[in-house]
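Remarks on the structure that follows.
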Amino acid sequence: LDAPAANDAFQNFVSNLTIDVGANNPGAIALDFHTNNGGGVIDVILRGPASAHTGLSITRNLAGIGLIRGLRVEGFRTGAHVAHFHVAFVFDACEFAGQSEVAVLSNDKPLSFFDCTSENSVPFLRT
C-alpha cells in the first residue's frame, strides 16, 4: 500500500466489529488501520480466504503508538502487516489462524506480544 505519511490521526479506535472480505478477492485487505498518539483495534474479527492479501494492515508511515487487543484473524496470506519505523504497537490476547504465508509481518517496527496464539503451519513472525 502506497499511502502518505500522517501524524494527525489521533486516538483512532476500531472495536467490536467483524469484517469478512468474502471469496475470490485476492487483493483484499480487511482493515487498513492508522493511528497516532494512542489508539487501537479492540475485539475485532477479520475473516478471509487464505488467498486474500492481509487481515490487518498498519503500514502507513508515522503510525503508533497503539494497542491491538482481542484481535482474531482467520485466513489471509498475512494475518497482520506492520511497517515503517516510528513507535511501537502492542498485541495482547490476539489469535491468528489459517494464514498461508505468515501470521505477523513486521518491517522496521518494534512490536510486543502478550498472550497471543497462532493456529498455523507457517511462522508466527517474520521481520
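A Förster radius of 35 Å combined with the Cβ-Cβ distance from Ser112 to Asp20 puts the calculated FRET efficiency at roughly 0.80.
Accessible area of Thr127 (1.4 Å probe, protein heavy atoms only, ligands and nucleic acids ignored): about 130 Å². Springs between alpha-carbon atoms under 10 Å, Gaussian network over the chain: tell me which of Leu56, Leu46, Leu111 tops the mean-square fluctuations. Comparing Leu56, Leu46, Leu111 in the GNM, the peak value goes to Leu111.
Under a 5 Å amide H cut-off, with hydrogens placed 1.01 Å from N, Asn12 pairs with Asn36, Gly40 among residues at least 5 apart or on other chains. Here the accessible area of the chain is 50 percent carbon and sulfur, with a 1.4 angstrom probe and all protein chains present. Counting only Cα atoms, the chain measures 34, 29, 29 Å along its principal axes, largest extent leading. A cut-off under 12 angstrom between Cβ atoms defines the neighbours of Arg77, and their net charge, with Lys, Arg +1 and Asp, Glu -1, is 0.
The values are calculated or read from the model by the stated rules, or taken from the named source; none is laboratory data. In this text the structure is predicted, and so the values were computed from the model without any measurement. As a convention, Cβ positions derive from the backbone with ideal geometry for all residues, glycine included, and neighbour counts pool all protein chains shown. Heads up: the accessible areas ignore ligands, DNA and RNA and are worked out on the full protein's heavy atoms, side chains in. Shrake-Rupley method; radii C 1.70, N 1.55, O 1.52, S 1.80 Å.
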